[in-house]
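Okay, structure first, notes after.
The values are calculated or read from the model by the stated rules, or taken from the named source; none is laboratory data. Everything numeric in this text was worked out from a predicted model, so none of it was measured. Glycine gets a Cβ as well: all are built from the backbone with ideal geometry, and neighbour counts include every protein chain shown.
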Amino acid sequence: MIRLGIVGLGKMGLSHYAIANSTPGAQVVAVCDSSTLLLGFIDRYGRVNTYTSMPEMLAAERLDGVIISTPNHLHAEMVRTALAAGVAVFCEKPFTLSAHESIDLTELASANGLVTQVGYHYRYVATFQEMKHLIEGGALGKVTHAEAEAYGPVVVRPANATWRSKKSAGGGALYDYAPHPINLLTWLFGAPKTAIGTVMTSVFSADTEDEVLGTFQWPDSLSAHLSVSWSDTSERKMATKVSLWGAEGKIVADRQEIRVFLRHAAETSRRAYSAGWTTLNIAELTPPVAYYLRGEEYSLQMEDFVARVRNRALDGVNDFRSAATTDEAIELLTGANSGRQQEIEKVVAPRRRLWVRS
Amino acid sequence: MPDRLIFGDNQFFGVNHMSEDKARAQAIRFQTDDAVLEVLEAANRNGIRSFMCTTHDRLGSIVPSVLQRPEAFPDQQFLPCMPYAHKYSNAMAEQGIIGSLQGFLPERGRIEALVRSGRSLASRDIAGVATLLIDAEMRPFRNASTPVVFLQNVTVDLILGLGAYEIFQVFADHVRTRYNAEPGFITMNVPRLLDALRMQEIENPLVCANVNKLGFRMSGGVEAYEEALRRADFRLIAMSIFASGAIPPAEAVRWVCGLPNIESIVFGASSERNIVSTRDLVETYWRRQPV
């Protein structure tokens, strides 16, 4: 049985707690948080030991791994502490706020022979996996153009309530939403070489960006446009979409379905595609999971982490090295921002409304 | 006992598990209450009078509209499913857990007192906070008939995953005593949930879960579901029988109706034609009695 500890009981921490606790071969034995209300709840209803200090938890419990789901700016130090204690680490995304730090921690984990993973769950979504499978098989021929998008309703009014809206805590759409589509691009195509034309705008937030636009370029004439907004009320929850154009066709994938247009019929090791459009959805593509909470991908990533810890499999689809590549791509974007953010006039909701909210 | 056929609400609120385009088209089609009420009235006219609906903000105006026109909605019942998870999930990302609770509860001071009170006291009053949240979610259904109140799957499965099974009892007790309703549990993990409910001595529970030929989102596997159904120690309401359109209607209904001891089927439809065709399919394959 793999014994796990959870650090940080926010939205993601609670979800990881429930999933890890239900993953065959694993058990959550300890949790750590600073909120007395949450720890009160866990003391009363949970079946684990509770701590307010991570080093104390590491010292008192014989853990095989920890899941770190604290505010972004705390990741680096906590990951370092866990690695020093000799336990495997699952860190929520983004990995750290500095590519240099991410690489340093990757090397430390490697030197200590520890399993690492970062919570980029989209790599476990069957539609995106099918997209990668098709690209690697050459179904699109030479891919020249990609569009990676993420929209959702996180900040939809002026507010400054949590760390997510504080730049100093690693808040903002750049570190919250944008890493997902960027991480899918680096998974599909490797590290981009340059970024150009980054624009980060505020819709509501006083301290951070709510939208991120930019373009990545790879050496082999592939360009990818990134479009991100976490202030999009039209979406019920985060919606991530990747579109690819190649010489032989086009693929559009989101969390629900993958639509493939091929000029010529093609066969992969998994299935035959006819010429023209083929649409596949997750009901057809997704493998069953042992426990379902909020999408198979969250269960699958935890099943993978537990299996990797058990087998001491140091290389994995979302290991620290791959997440560090995403952090490097994020820094390419911010480098291409070239101070434009200050020049942009902040978009604010009009003071005098022309309509009445019902 | 719930009706054999229950009308669902996913189509009204832009939920489609297979296609974001379809979800968006439905959200556009049903953005006025009149569009929703028209389809709901068609369901009632065709004998489907139980509406299983998430506690979405829009129920605040839809429910009173139904109650104002009893002649168009005879014997209309609502089966609320709470909470509307995205409301809480988005609020948690925006305001944190404590901020969200404060936002959703009328008694702001109650949470502040809890936060100040320290761990031991907090642990004692959590059941009280849970019942306040239930009351807040039930507000749109004042004066409506609500024979069953469901706990939504994300919440049920979160409690299940955390092992905090006593919360199920808190929910069941409050729904029974305060609303004179039967508690229902929506889940994607039927075999696990049944074990947990048994530990809490919740007898013959009403459970709503995906049941479809593909085995889509039937965690634990189709065989474990069939085995549980043969034991007949719970009542299963089948949902997502078409797996959002991945299975042809007749094939989907035939398979589900062939399982033993299914209590009810919940389905969604956007037109009277589709409501009637699903009802007729179920009548054809479900031989126990006319629905």
Identify all residues within the range A:38-56 that are at the interface with chain B (Cβ under 10 Å from one of its Cβ atoms) and of a type in the set (A, V, I, L, M, F, W, C); write none if there are none.
-> A:Leu38, A:Leu39, A:Phe41, A:Ile42, A:Val48
Hand me the list of strands (runs of 3 or more DSSP E) wholly inside the range A:125-238 holding 2 or more residues that are under 21 Å from the mean Cα position of the chain (by Cα) and within 15 Å of A:Thr334 (Cβ to Cβ).
-> A:194-201, A:211-217, A:223-229
Pick from the range B:226-245 the residues that are farther than 22 Å from B:Leu197 by Cβ and crowded, with 19+ Cβ neighbours inside 10 Å: which of them is farthest from the other protein chains (Cβ to nearest Cβ)?
-> B:Ile241
Of (1) surrounded by fewer than 21 Cβ atoms within 10 Å (Cβ to Cβ); (2) within 23 Å of B:Thr54 (Cα to Cα), B:Val266 satisfies all except one. Which?
-> (1)
Look at A:Ala18 and say whether it is closer than 20 Å to A:Arg308 by Cα, in contact with a strand residue (DSSP E or B) (Cβ under 8 Å, 6 or more places away or on another chain), surrounded by 19 or more Cβ atoms within 10 Å (Cβ to Cβ) and of a type outside the set (Val, Ile, Thr).
-> no
All-but-one check, A:Ser269 against (1) away from every other protein chain (no Cβ under 14 Å); (2) surrounded by 12 or more Cβ atoms within 10 Å (Cβ to Cβ); (3) modelled with pLDDT under 95, failing number (2)
With respect to the numbered conditions (1) closer than 23 Å to A:Ala30 by Cβ; (2) at pLDDT below 95, which one is the sole condition not fulfilled by B:Leu160?
-> (2)
Scan the range A:64-105 for residues that are of a type in the set (Gly, Ala, Ser) and surrounded by fewer than 23 Cβ atoms within 10 Å (Cβ to Cβ) and report the count.
-> 6
Which ones in the range B:210-225 are assigned to a loop (DSSP other than H, G, I, E, B) and either within 11 Å of chain A (Cβ to nearest Cβ) or hydroxyl-bearing (Ser, Thr, Tyr) (or both)?
-> B:Asn212, B:Lys213, B:Leu214, B:Gly215, B:Phe216, B:Arg217, B:Met218, B:Ser219, B:Gly220, B:Gly221
All positions within the range B:249-263 that are more than 22 Å from the chain's Cα centre (by Cα), part of a helix (DSSP H, G or I) and either of a type in the set (Val, Ile, Thr) or loosely packed, with under 15 Cβ neighbours inside 10 Å (or both) = B:Ala250, B:Glu251
When you scan the range A:14-115 for strands (runs of 3 or more DSSP E) that lie fully inside it, which ones turn up with 2 or more residues that are closer than 21 Å to A:Thr325 by Cα and not small (Gly, Ala, Ser)?
-> A:65-68, A:88-91
What is the residue count in the range B:37-54 for residues that are in a strand (DSSP E or B) and basic (Lys, Arg)?
-> 0
Tell me which of these A:Ser35 doesn't satisfy, since it passes every other one: (1) at the interface with another protein chain (Cβ under 8 Å from one of its Cβ atoms); (2) surrounded by fewer than 23 Cβ atoms within 10 Å (Cβ to Cβ); (3) in contact with a helix residue (DSSP H, G or I) (Cβ under 6 Å, 6 or more places away or on another chain); (4) not β-branched (Val, Ile, Thr).
-> (3)
Would you tally the residues in the range B:157-185 being more than 14 Å from chain A (Cβ to nearest Cβ) and not in a helix (DSSP H, G or I)?
-> 6
Mind listing just one residue for me: the one in the range A:311-355 that is among the polar types (S, T, N, Q) and at pLDDT below 50 and, of those, nearest to A:Ile2 (Cα to Cα)?
-> A:Gln341
When you go through B:Ala246, B:Ala269, B:Ala252 one by one, which is the residue that is in contact with a Phe, Trp or Tyr (Cβ under 6 Å, 6 or more places away or on another chain) and in contact (Cβ under 8 Å) with a residue 40 or more places away in the chain?
-> B:Ala252
